[in-house]
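A short reminder: the numbers here are calculations on the coordinates, not readings from a lab. Keep in mind that what you see is a predicted model, and the values were worked out from it rather than measured. Using ideal geometry, Cβ is built from the backbone for each residue, glycine included, and neighbour counts are taken over all protein chains shown.
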Amino acid sequence: MAAFDLETYVERSRAVDLSAIDWADVPRYPVPPETLRTLRYMQDIESHTIIYLRSLLATRAIDDPEVATFLACWLYEETFHGIALARFLEAAGAPLPPRATPRGQESMAKRIEAAATAMVSKAWPDFCAVHMTWGAINELTTLTGYRRLALVSPHPVLNDLLDRIVLDESRHFFFYYRQAELRMHGRAAARIARLLVDRFWAPVGSGVQPDAELRFLATYLFAGPDGRAAARKVDETIRRLPGFENVQLLEAWMDRHLETSAGSQA
Ligand SMILES: [Fe+2]
Ligand SMILES: [Fe+2]
């Protein structure tokens, strides 16, 4: 895989161009309730990025100048994904209600997780290896989810928006993946990163969105044969990382959590 050109990425990093989207055309095409529900989930996760960043800032992640520079642009782009999806929901006649609790308030479980992550980071010099692997899995899952949504629920304006977002997510994935690859050439780093992923990984949004919403989204986007194939491709890509040859991710999670897809669709 080619090297990630951070300088070019930083130069080109910008917000998704909201003025280029044909918002007035949104109501001209139907948006099924399942799509609205999926978009609400995705919007919530995109706008949660800054809260996730708060946990990251307490770790070694920002000690590396390349990672710190990337994260600044990454946060900016992700924030605009959230803004763009909220705008789409509004244009579709389904605006997001005001938040019941302020964005910055996290559940106790999430706060414990953040504190545990900070502790692991302090104790383990190669912490960035697992952070980068985690990022690669999440970005790839996210961009695959957006691609699946565009296929499952075609809508000209939504597809245009999703294409733009997917471009950003592809660059995010590429950065994390290359970093993970480089950082896991040491066998110990790869072993510990693998152990942590095996033990703690769950799809993007777990613990932030209710489990029922995550199961709904996974079923809507990934349960059919094409969805399964897309999920498998995510897993196969991550398996190319050193030490991750037989890692069980999205498909295995679906087998464990989705009644409708277990067995029959595999
Ligand atoms: Fe995003
Ligand atoms: Fe992203």
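Summarised in one figure, the compactness ratio Rg/Rh of the stretch 64-123, Cα atoms and Kirkwood Rh, is 1.12.
If N is the number of residues in the stretch 157-228, what value comes out of its Cα radius of gyration divided by 2.2 N^0.38 Å? Display every interim value, and only then the final one.
Details: Rg = 16.0 Å, N = 72, 2.2 N^0.38 = 11.2 Å.
With N residues counted in the stretch 157-228, Rg over 2.2 N^0.38 Å equals 1.43.
Result for the chain in a Gaussian network model with C-alpha springs under 10 Å: among Gln248, Gln43, Gln179, the largest mean-square fluctuation is at Gln248.
Helix 108-123 and the long axis of the chain differ in direction by around 30°, with both axes built from C-alpha atoms.
Evaluating 6.51 cos²θ - 1.76 cosθ + 1.60 at θ = phi - 60° for every residue in the stretch 236-241, the Karplus couplings come out as 5, 5, 5, 5, 7, 6 Hz, glycine and proline recorded as x.
The tail of the calculated P(r) for the chain, taken as Cα-Cα distances beyond 22 Å, holds 57 percent of the pairs.
Using only Cα atoms, figure out Rg for the stretch 197-266 and give it as a multiple of 2.2 N^0.38 Å. Write out the running numbers ahead of the final one.
Values: Rg = 12.0 Å, N = 70, 2.2 N^0.38 = 11.1 Å.
Ratio of Cα Rg to 2.2 N^0.38 Å: 1.09.
The charge dipole of the stretch 137-266, taken about its Cα centre with unit charges on the Cβ atoms of Lys, Arg (+1), Asp and Glu (-1) only, comes to about 500 debye. Each Lys and Arg Cβ is given +1 and each Asp and Glu Cβ -1; about its Cα centre, the chain then shows a dipole of about 600 debye.
Helical content alone sets the calculated 222 nm signal of the chain at -22000 deg cm²/dmol, taking -39,500 (n - 2.57) per DSSP H segment of four or more residues and averaging over every residue. Relative to the longest principal axis of the Cα atoms of the chain, helix 187-200 runs at roughly 40 degrees. Going toward the positive end of the dipole of the chain, with +1 on Lys and Arg Cβ and -1 on Asp and Glu Cβ, which of Leu56, Phe4, Tyr146 do you reach last? Selected residue: Leu56.
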